[in-house]
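K.L.:
Here you go, one structure.
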Amino acid sequence: MKIYACTDMHSDFNILRKIKQNVKRLNPDFVVCAGDYTNFDKNVEKVLSFFNSMGKPVAIIHGNHEEEGLSEKICSKLKNVYFVHQGFVELGEVIICGYGGGGFNYEYPELTAFQEHPKFKKLIKGKKLVFLNHAPPYGTELDKLPNKRHCGSKTLVRFIKKVKPIIVFTGHIHPHFGKEVKIGDTRVVNPGPEGRLFIV
């Protein structure tokens, strides 16, 4: 499966137009966005409608710049955009799900609860899991601030080690756009605003 991943375009329609051009050229099966697609919900409906216009299914989570309920409500009215914060989209042998918001906390109890839910465990059994998480994993190159302090999610690190997604798309820390690390066998990528194509 071909997935086009992006994050943190912050209401920049020049970047969104480049994404749309790339999606048309590369023809992915799915587009995913790991949050912060607006500047504190500026033009949020317009941005999500732009994703909808790409003509591909789009899985999206909110970042720390979006209000969860508002994005969820808008996505529910769009044909091609799926809000997958603690939800999922299933496409053959691939499951896409995610956990949005946050960004500067070490612990996310709701993510732990989501991971342990029987429905989630049953859902991912025998499937390839693609996971979106706005906050990067703690203690990696993806969560390091300019002062060298790590600000990422320790919960996400435990999630990855236990659940073993094939790939995790994250964002939030702008200096690390385009970087990738591995936790066990899991690729963890900050695809950046313009994004890129991945094969899973």
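K.L.:
Out of all the residues in the stretch 164-174, is one or more in a helix (DSSP H, G or I) and in contact (Cβ under 8 Å) with a residue 24 or more places away in the chain?
P.N.:
Scanning the stretch 164-174 turns up at least one residue that is in a helix (DSSP H, G or I) and in contact (Cβ under 8 Å) with a residue 24 or more places away in the chain.
K.L.:
Between a residue in the stretch 65-79 that is more than 20 Å from SER53 (Cα to Cα) and touching a residue at least 12 places away in the same chain (Cβ under 8 Å) and any residue that is of a type in the set (S, T, N, Q) and surrounded by fewer than 16 Cβ atoms within 10 Å (Cβ to Cβ), which pairs come within a Cβ distance under 9 Å, given they are 6 or more apart or on different chains?
P.N.:
Between residues of the stretch 65-79 that are more than 20 Å from SER53 (Cα to Cα) and touching a residue at least 12 places away in the same chain (Cβ under 8 Å) and residues that are of a type in the set (S, T, N, Q) and surrounded by fewer than 16 Cβ atoms within 10 Å (Cβ to Cβ), the close pairs are HIS65/ASN39.
K.L.:
Return the residues of the stretch 76-103 that are touching a helix residue (DSSP H, G or I) at 6+ places or on another chain (Cβ under 7 Å), crowded, with 20+ Cβ neighbours inside 10 Å and not in a strand (DSSP E or B); say none if nothing qualifies.
P.N.:
GLY100, GLY101
K.L.:
Right, LEU156: outside any helix (DSSP H, G or I), of a type in the set (A, V, I, L, M) and at pLDDT 95 or above or not?
P.N.:
no
K.L.:
Is it true that GLU110 is touching a residue at least 24 places away in the same chain (Cβ under 8 Å) and either more than 26 Å from THR38 (Cβ to Cβ) or surrounded by 15 or more Cβ atoms within 10 Å (Cβ to Cβ) (or both)?
P.N.:
Spelling it out, it is not the case that GLU110 is touching a residue at least 24 places away in the same chain (Cβ under 8 Å) and either more than 26 Å from THR38 (Cβ to Cβ) or surrounded by 15 or more Cβ atoms within 10 Å (Cβ to Cβ) (or both).
K.L.:
Also: Could you figure out which of (1) farther than 24 Å from GLU72 by Cα; (2) surrounded by fewer than 20 Cβ atoms within 10 Å (Cβ to Cβ); (3) not polar (S, T, N, Q) isn't true of VAL188?
P.N.:
Failed condition: (2).
K.L.:
Please verify whether the stretch 122-137 includes one or more residues that are under 20 Å from THR7 (Cβ atoms) and over 14 Å from the mean Cα position of the chain (by Cα).
P.N.:
no
K.L.:
Every residue in the stretch 115-131 that is within 14 Å of VAL168 (Cβ to Cβ) and part of a helix (DSSP H, G or I), please.
P.N.:
GLN115, ILE124
K.L.:
Also, I was wondering about something else. So which residues in the stretch 8-51 are farther than 14 Å from PHE198 by Cα, within 15 Å of the chain's Cα centre (by Cα) and outside any helix (DSSP H, G or I)?
P.N.:
ASP8, MET9, HIS10, ALA34, GLY35, ASP36, TYR37, THR38
K.L.:
In the stretch 143-159, which residues are more than 18 Å from THR186 (Cβ to Cβ) and either surrounded by fewer than 16 Cβ atoms within 10 Å (Cβ to Cβ) or of a type in the set (Lys, Arg) (or both)?
P.N.:
Result: LYS144, LEU145, PRO146, ASN147, LYS148, ARG149.
K.L.:
Then there is this: What are the pairs, 6+ residues apart or on separate chains, where a residue within the stretch 114-129 that is at positive phi has its Cβ under 9 Å from a residue that is of a type in the set (Asp, Glu)?
P.N.:
Hits for this filter: GLY126/GLU93.
The values are calculated or read from the model by the stated rules, or taken from the named source; none is laboratory data. In this text, all values refer to a predicted model and were calculated from it rather than measured experimentally. Please note: Cβ atoms are built from the backbone with ideal geometry, for glycine as well, and neighbour counts cover all protein chains shown.
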